[in-house]
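A.B. asks: Before I ask anything, here is the structure I am working with.
The values are calculated or read from the model by the stated rules, or taken from the named source; none is laboratory data. All values derive from a computational prediction rather than experimental measurement. So basically every Cβ, Gly included, is an ideal-geometry build from the backbone, and we count neighbours across all protein chains shown. The accessibility values were calculated without ligands, DNA or RNA, using every heavy atom of the protein model including side chains. Shrake-Rupley method; radii C 1.70, N 1.55, O 1.52, S 1.80 Å.
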Amino acid sequence: MSISRTALLGCISLALSLTGAAAAQTPSASPAQRPPAPQQAAPLPWMNTSLDPDTRADLVIHEMTLDEKIQLVHGAGWGVLRAGAPVATGHNGGAGFVPGIPRLHLPDINLADSAYGVRMAAPQSRYATALPSVLGMSASWDPDAAFLFGAVIGRELRAQGYNMSIGGGMDLIREPRNGRNFEYSSEDPILAGTMVGKIAIGVQSNHIMGDIKHYVLNDQETGRNTLDALLDPRSMRETDLLAFQIAITMAHPAGVMCSYNHVNGDYACENDYTLNQVLKRDWGFKGFVLSDWGGTHSTVKAALAGLDMDQPGDDNFFSEPLKQAVLSGAVPQARLDDMVHRIVRSLFASGVIDQPPVRTVVDPFQGRDDAQKIEEESAVLLKNTAGTLPLSASKIRSIAIIGGHADVGVLSGGGSAQVDAPNGNAVEPRPGSSPWGKAIYFPSSPLRYIREQAAPGTKITYDEGTDPAQAAKAAAAAQIAIVFVTQWMTEGQDSATLSLPNQQDALVAAVAAANPSTIVVLENGGPVNMPWSAKTKAILESWYPGIGGGQAIADILFGRVNPSGKLPVTFAASEADLPHPQVTGLTERTGNNADTVTRNQPRQRPQPFTVDYNVEGMAVGYRWFQLKNKQPLFPFGFGLSYTHFAYSNLKVNSEVKSVTFTLRNTGLRKGDEIAQVYVTLPTSAGEPFRKLAAFKRVTLAPGAIQAVEIPLDPLYLSTYSPDANTWSRPFGDFLIEVGGSSASLPLHQILFLAAH
Ligand code: BGC
């Protein structure tokens with residue numbers, strides 16, 4: 001990717017503010033490789049790299065004492081996460097730590113939250129790249145972008161001395177107001193599974209243990225520790241579990257983190273069905289299940305249900321109580337050995353033991369380039385009346401930029417995903433870690449990059465947008481108004497509504513009334529409604545765009561980059577159209593989306609309650625809208641380009657192994673199209689809606705025509721039978737549709753498939 005000189009200078013100033021950080025990052029032995037191999041007379045047999053990870057693990061376990069085994073299956077406590085908690089020697093400053101066993105050459109396990117970049121870098125004087133949100137990246141529908149996303153995280157974890165990522169969020173977006181949707185990928189299991197699986201592969205390509213979380217049905221934050229998520233087994237296997245199945249069988253992550261909530265009656269971390277039966281037996285998962293932090297609630301039940309590691313480990317379930325349970329026979333020795341085997345084989349399989357991380361200085365320039373490249377593929381152009389965009393610098397004399405702190409930076413998502421911004425929050429710079437509960441902006445100013453791309457002499461003003469009347473005045477005085485609107489979302493709380501917070505709807509309405517050429521740029525955690533959309537000329541969805549966000553936004557507005565992202569989630573027109581018009585269990589005190597939350601503010605701990613996902617069952621996201629015949633504001637899979645694409649000539653292979661069609665760029669610019677294939681199963685399947693079955697991102701020069709072939713996975717044409725515990729392809733008429741969005745599918749073919 002090319003990067004302008006000025007952009008580079010921006011990076012350099014960014015890096016200069018990190019000089020201290022760089023100095024503190026001189027290469028040294030990482031805590032993750034702390035235990036050196038003891039001087040042995042003979043080499044340790046499990047260090048023979050020609051043996052497979054399972055054999056190597058068995059060889060080590062054979063030498064381990066009971067206490068050493070117990071030591072490996074729980075963390076060393078809250079550590080840096082909780083003020084005053086002891087921090088173990090060898091702890092690298094991340095969310096989790098499991099001490100190694102030096103005499104056996106087993107390293108410490110140092111785990112770091114890393115949803116869109118490595119968390120908690122600043123307190124260690126380190127630097128971490130803030131990538132776009134996971135939801136944003138998923139809008140690229142580009143598995144290569146997902147791999148790059150994971151590879152950046154893996155690279156920086158490694159450079160910072162960690163050996164395990166605890167990112168990989170992929171709960172399905174059933175609740176569009178969920179505070180953590182920015183950490184998740186999609187409402188569609190195939191898109192989510194593919195993208196999050198690729199992230200894990202990217203992470204693990206750096207010899208870092210990967211993780212996928214929060215397993216499962218942790219689809220809202222309200223009451224996450226108490227709620228019981230209800231969903232019938234067939235729907236679960238075909239939606240939320242299918243997403244995990246795709247990612248886990250594709251990436252073979254070291255870890256799967258079980259979630260806080262109950263699933264059909266049992267806590268997710270002591271759920272025999274989801275852990276033992278589905279994850280380990282049916283999918284053959286060989287890694288280990290670790291609890292979300294504080295998500296373990298028992299010793300024997302959890303151990304027997306399939307939990308392998310208790311985190312952060314000071315709830316005293318998998319320490320002495322587990323030892324006693326093993327000694328008494330309540331937990332068989334073989335189960336403990338299985339837990340340990342899963343952990344140790346993952347250390348070998350990932351390369352953590354053979355190629356341990358070595359601390360180096362993170363390269364902020366490379367990180368920024370990568371983040372920007374991903375954002376350029378991920379921003380979604382939602383509206384563009386009369387070719388308002390791209391802006392033509394030579395024709396514009398004045399621009400009013402309004403709101404969203406666009407003068408200093410771009411917004412990011414909060415909670416345990418939060419990456420520290422270089423030099424602190426761009427809104428009030430101060431070095432150090434990002435406080436929990438505050439909207440953090442990264443220093444990538446859209447205003448600055450818009451200034452760079454506008455013609456010399458263009459009058460560009462900035463108004464902070466807090467007073468709609470004043471903003472309208474600024475807008476009226478300019479040829480074009482660009483309003484930046486933000487929706488800050490964070491772990492621990494959901495938004496009560498789909499509306500933008502802080503009266504920003506009124507702001508946009510006032511600006512659009514004052515200036516007919518109003519463009520809106522969104523920086524948000526998930527779907528929002530836009531009562532003003534008809535009054536504006538163009539709308540660009542930039543998600544949380546990461547450290548390269550300001551420049552990526554300007555590049556798209558001025559046409560250096562042709563937008564190509566497509567929505568990975570439906571944008572409803574109103575809450576009334578959702579399967580759950582209100583967030584279940586949310587009261588005034590359990591959620592809001594104001595710009596700050598105090599972590600310890602007294603919040604009502606909700607009484608146990610159920611969230612009944614059987615309301616929509618398999619009809620999650622766009623399927624619900626189809627089933628209920630509701631028009632969304634913007635449909636799943638939708639996104640505009642500065643060029644146009646035409647689809648023709650669909651051919652479906654008679655065994656439905658693949659579809660082929662012709663795609664043509666009918667416009668004047670090079671562009672990427674995300675072609676989508678949807679399948680409606682025969683009526684007998686009882687699924688009266690189309691489902692995404694495959695997709696492909698295709699780059700075409702202006703006028704170019706390409707024959708596109710997309711393979712179809714038979715699993716996605718099948719249904720799951722809980723009674724038989726099998727997937728099978730129904731028989732009858734299959735409707736195959738192809739096009740550029742779930743709501744625009746110009747090609748279709750019906751294919752009869754007989755029983756087999
Ligand atoms: C979050 C996890 C996170 C863990 C450690 C929990 O509150 O739900 O996603 O990995 O904390 O920070």
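A.B. asks: Hey, does segment 315-330 have a residue that's of a type in the set (Lys, Arg) and within 27 Å of Val87 (Cβ to Cβ)?
C.D. replies: Here is the first cut: in segment 315-330, the residues of a type in the set (Lys, Arg) are 323.
Next, from what is left, pick out any that are within 27 Å of Val87 (Cβ to Cβ): 323.
Yes, some residue in segment 315-330 is of a type in the set (Lys, Arg) and within 27 Å of Val87 (Cβ to Cβ).
A.B. asks: Next question. Would you mind finding the one in Ala83, Ala88 that is open to solvent by 10 Å² or more (accessible area, probe 1.4 Å) and without any contact (Cβ under 8 Å) to a residue 12 or more places away in the chain?
C.D. replies: Of the residues listed, the single one that is open to solvent by 10 Å² or more (accessible area, probe 1.4 Å) and without any contact (Cβ under 8 Å) to a residue 12 or more places away in the chain is Ala83.
A.B. asks: Next question, about the same structure. Suppose the filter is more than 15 Å from the ligand (Cβ to nearest atom), open to solvent by less than 10 Å² (accessible area, probe 1.4 Å) and either in contact with a Phe, Trp or Tyr (Cβ under 6 Å, 6 or more places away or on another chain) or not in a loop (DSSP other than H, G, I, E, B) (or both); does Leu191 pass it?
C.D. replies: yes
A.B. asks: Follow-up question, since we're still on this one. When you scan segment 204-213, do you find a residue that is in contact (Cβ under 8 Å) with a residue 24 or more places away in the chain, assigned to a loop (DSSP other than H, G, I, E, B) and within 17 Å of the chain's Cα centre (by Cα), even just one?
C.D. replies: Scanning segment 204-213 turns up at least one residue that is in contact (Cβ under 8 Å) with a residue 24 or more places away in the chain, assigned to a loop (DSSP other than H, G, I, E, B) and within 17 Å of the chain's Cα centre (by Cα).
A.B. asks: Further question: Within segment 391-414, track down each residue that is outside any strand (DSSP E or B) and in contact with a strand residue (DSSP E or B) (Cβ under 9 Å, 6 or more places away or on another chain).
C.D. replies: Leu391, Ile396, Arg397, Gly403, Gly404, His405, Ala406, Asp407, Val408, Gly409, Ser412, Gly413
A.B. asks: Another one. Among the small types (Gly, Ala, Ser), in contact (Cβ under 8 Å) with a residue 60 or more places away in the chain, open to solvent by less than 10 Å² (accessible area, probe 1.4 Å) and farther than 28 Å from Asn529 by Cα, is that true of Ser165? Give the derivation first.
C.D. replies: Working: among the small types (Gly, Ala, Ser): yes; in contact (Cβ under 8 Å) with a residue 60 or more places away in the chain: no; open to solvent by less than 10 Å² (accessible area, probe 1.4 Å): yes; farther than 28 Å from Asn529 by Cα: yes.
Judged against the criteria, Ser165 is not a match.
A.B. asks: For segment 114-155, which positions are within 16 Å of the ligand (Cβ to nearest atom) and surrounded by fewer than 24 Cβ atoms within 10 Å (Cβ to Cβ)?
C.D. replies: Once the filter is applied, which keeps residues that are within 16 Å of the ligand (Cβ to nearest atom) and surrounded by fewer than 24 Cβ atoms within 10 Å (Cβ to Cβ), segment 114-155 yields Ala122, Pro123, Gln124.
A.B. asks: Another question, then. Would you be able to say whether some residue in segment 397-404 is within 16 Å of the ligand (Cβ to nearest atom), crowded, with 24+ Cβ neighbours inside 10 Å and of a type outside the set (Ser, Thr, Tyr)? Before you say what the answer is, go through the steps one by one.
C.D. replies: So in segment 397-404, the residues within 16 Å of the ligand (Cβ to nearest atom) come out as none.
No, segment 397-404 contains no residue that is within 16 Å of the ligand (Cβ to nearest atom), crowded, with 24+ Cβ neighbours inside 10 Å and of a type outside the set (Ser, Thr, Tyr).
A.B. asks: Moving to a separate point now. Do we have Thr222 as crowded, with 24+ Cβ neighbours inside 10 Å, in a loop (DSSP other than H, G, I, E, B) and within 15 Å of the ligand (Cβ to nearest atom) here?
C.D. replies: Values: crowded, with 24+ Cβ neighbours inside 10 Å: yes; in a loop (DSSP other than H, G, I, E, B): yes; within 15 Å of the ligand (Cβ to nearest atom): yes.
Answer is yes for this residue.
A.B. asks: Test of understanding: among Ile482, Ile450, which residue is part of a strand (DSSP E or B), over 30 Å from Arg174 (Cβ atoms) and either within 16 Å of the ligand (Cβ to nearest atom) or not basic (Lys, Arg) (or both)?
C.D. replies: One residue alone meets the criteria, Ile482.
A.B. asks: State which residue is farthest from the ligand (Cβ to nearest atom) when the search covers only segment 252-264 and only residues that are open to solvent by 10 Å² or more (accessible area, probe 1.4 Å) and farther than 15 Å from Val278 by Cβ.
C.D. replies: Going through the qualifying residues, I end up with His252.
A.B. asks: State whether the residues of segment 656-668 include one that is touching a Gly at 6+ places or on another chain (Cβ under 9 Å), modelled with pLDDT of 95 or more and closer than 22 Å to Glu616 by Cα.
C.D. replies: Among the residues of segment 656-668, not one is touching a Gly at 6+ places or on another chain (Cβ under 9 Å), modelled with pLDDT of 95 or more and closer than 22 Å to Glu616 by Cα, which makes the answer no.
A.B. asks: A follow-up question, please. Provide a single number: the residues in segment 489-509 that are among the hydrophobic types (A, V, I, L, M, F, W, C), buried (at least 23 other Cβ atoms within 10 Å of the Cβ) and more than 16 Å from the ligand (Cβ to nearest atom).
C.D. replies: Number of matching residues: 3.
A.B. asks: Still on this structure: Given the structure, is Ser186 surrounded by fewer than 24 Cβ atoms within 10 Å (Cβ to Cβ), closer than 22 Å to Val677 by Cα and in contact (Cβ under 8 Å) with a residue 12 or more places away in the chain?
C.D. replies: So Ser186 fails the test.
A.B. asks: Which of the numbered conditions does Phe244 fail, given that it passes all the others? Conditions: (1) open to solvent by 10 Å² or more (accessible area, probe 1.4 Å); (2) assigned to a helix (DSSP H, G or I); (3) within 16 Å of the ligand (Cβ to nearest atom); (4) not small (Gly, Ala, Ser).
C.D. replies: Failed condition: (1).
A.B. asks: State yes or no: is Ala594 open to solvent by 10 Å² or more (accessible area, probe 1.4 Å), over 20 Å from Ala400 (Cα atoms), out of contact with any Ser or Thr (no Cβ under 7 Å at 6 or more places or on another chain) and modelled with pLDDT of 95 or more?
C.D. replies: no
A.B. asks: Moving on. Take the residues of segment 633-654 that are of a type in the set (Ser, Thr, Tyr) and outside any strand (DSSP E or B): which is least open to solvent (accessible area, probe 1.4 Å)?
C.D. replies: Out of the qualifying residues, it is Thr643.
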